[in-house]
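Note sheet for the following structure.
The values are calculated or read from the model by the stated rules, or taken from the named source; none is laboratory data. These numbers were taken from a predicted model, which means no experiment stands behind them. Here the Cβ positions follow ideal geometry from the backbone for every residue, glycine too, while neighbour counts run over all protein chains shown. Side chains are part of the model used for accessible areas, which takes the heavy atoms of the whole protein and leaves out ligands, DNA and RNA. Shrake-Rupley method; radii C 1.70, N 1.55, O 1.52, S 1.80 Å.
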Amino acid sequence: MADNSFSDGVSSDSLEAAKNASNTEKLTDQVMQNPQVLAALQERLDNVSHTPSSYIETLPKAVKRRINALKQLQVKCAHIEAKFYEEVHDLERKYAALYQPLFDKRREFITGDVEPTDAESEWHSESEEEDKLAGDMKNKVVVAEKEAATAEEPNPKGIPEFWFTIFRNVDMLSELVQEYDEPILKHLQDIKVKFSDPGQPMSFVLEFHFEPNDYFTNSVLTKTYKMKSEPDKADPFSFEGPEIVDCDGCTIDWKKGKNVTVKTIKKKQKHKGRGTVRTITKQVPNDSFFNFFSPLKASGDGESLDEDSEFTLASDFEIGHFFRERIVPRAVLYFTGEAIEDDDNFEEGEEGEEEELEGDEEGDDEDDAEINPKLACPSEDNC
């Protein structure tokens with residue numbers, strides 16, 4: 001019997017493949033005639049063709065060569081910018097010396113070592129202006145009440161719990177403070193910022209000055225933040241100004257039984273052979289603000305830190321920067337809460353402005369562009 005699997009020298013499998021190909025072509029033709037599909041494909045092609053990298057790839061070699069030359073110039077600009085920030089650091093050091101006498105007097109008023117004069121204490125608040133406008137009679141009543149209250153009020157020395165109140169007011173700091181840290185922080189008398197000497201690597205030191213207390217013998221606890229103002233050799237275009245790269249703490253000389261950075265726990269152990277059980281005590285790390293002085297070290301051997309360690313280190317750097325740039329220079333405003341209110345109002349203003357820009361549908365693209373904060377402040381370290 002003749003074999004029916006072949007017809008005119010062509011296998012049935014080949015005929016089936018040809019039939020499937022024909023069906024695929026018909027289906028493709030039908031899909032490509034769908035205007036929605038065509039529009040989606042065109043949009044995707046447009047997006048691909050307009051990416052910067054794809055555009056650069058289409059340029060002639062001679063143009064690419066000139067672009068490389070521009071990148072060389074940009075690297076040189078980054079190195080000049082780094083020198084600029086080094087000089088800014090020198091300028092910060094100069095003006096720190098001018099601020100310090102005022103900060104020293106601030107400490108004397110806080111501790112009560114010096115009582116401010118009437119002229120130094122004079123400050124006209126908005127509420128006082130409103131009282132003045134209310135009339136002479138009201139003023140006389142207010143003055144009489146104040147005199148009576150003053151006679152009864154206690155007169156503590158200085159401004160009690162000044163720095164501790166700042167810790168309590170600022171969320172970034174209050175999150176670090178445990179209940180057992182609070183009695184210690186009430187002995188904090190001053191926080192100072194000291195910049196590195198001329199010719200030395202860029203850095204700054206936070207000094208926490210404590211009065212004699214029952215917890216440790218140190219009068220000053222220090223935290224040193226090391227900075228770098230030079231472009232990364234592997235990625236020079238990422239340079240945006242000085243950055244904190246590492247920090248060193250100090251040893252706290254705790255008095256016996258007063259170390260809040262560790263806690264003692266009891267643990268039962270069973271002997272493998274005899275089966276007897278014994279209870280031992282051991283010390284384990286404890287959450288405390290004073291762990292701030294035993295910071296995680298940045299890896300200097302080229303090994304990358306794990307995600308949790310990187311987050312911890314970044315948070316530490318942020319806190320150090322906040323002490324230097326905000327807390328120390330504007331301490332009284334964080335004590336009263338005025339600086340915190342100003343920060344909140346500023347953030348709300350930014351959000352309102354962004355919403356207004358997004359709602360401007362008829363404006364040009366340039367009008368809708370977000371304002372780059374770096375234009376106003378090239379580096380956070382110098383704001």
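Worth a mention:
- From T276, T261, residue being of a type in the set (S, T, Y) and in contact with a Ser or Thr (Cβ under 6 Å, 6 or more places away or on another chain): T261
- Residue under evaluation L176, criteria (1) open to solvent by 50 Å² or more (accessible area, probe 1.4 Å); (2) over 20 Å from R106 (Cα atoms); (3) over 22 Å from the mean Cα position of the chain (by Cα); (4) not β-branched (V, I, T), criterion not met: (3)
- Among residues of the range 249-267 that are over 20 Å from I280 (Cα atoms), those with a beta-carbon under 6 Å from a residue that is open to solvent by 80 Å² or more (accessible area, probe 1.4 Å) and β-branched (V, I, T) at least six positions away or on a different chain give the pairs D253/T217.
- Neighbours by Cβ (under 9 Å, 6+ apart or cross-chain): first from the range 64-76, of a type outside the set (F, W, Y); second open to solvent by 100 Å² or more (accessible area, probe 1.4 Å) and assigned to a helix (DSSP H, G or I): K64/E57; K71/F237; Q74/F237; V75/F237
- Verdict on K258 being among the charged types (D, E, K, R) and in a strand (DSSP E or B): no
- Criterion (modelled with pLDDT of 90 or more and open to solvent by 70 Å² or more (accessible area, probe 1.4 Å)) met by exactly one of P154, P116, P160: P160
- Listed by first and then second residue, the pairs linking a residue in the range 231-243 that is without any contact (Cβ under 8 Å) to a residue 40 or more places away in the chain to a residue that is of a type in the set (D, E), with Cβ atoms under 9 Å apart and 6 or more places separating them unless they lie on different chains, are S238/D232.
- Residue, farthest from T224 (Cα to Cα), within the range 197-209, restricted to residues that are part of a strand (DSSP E or B) and open to solvent by 10 Å² or more (accessible area, probe 1.4 Å): H209
- So G275, is it open to solvent by less than 40 Å² (accessible area, probe 1.4 Å), under 30 Å from Q189 (Cα atoms) and out of contact with any Asp or Glu (no Cβ under 6 Å at 6 or more places or on another chain): no
- Verdict on I244 being assigned to a strand (DSSP E or B), open to solvent by less than 80 Å² (accessible area, probe 1.4 Å), closer than 30 Å to Q72 by Cα and not polar (S, T, N, Q): yes
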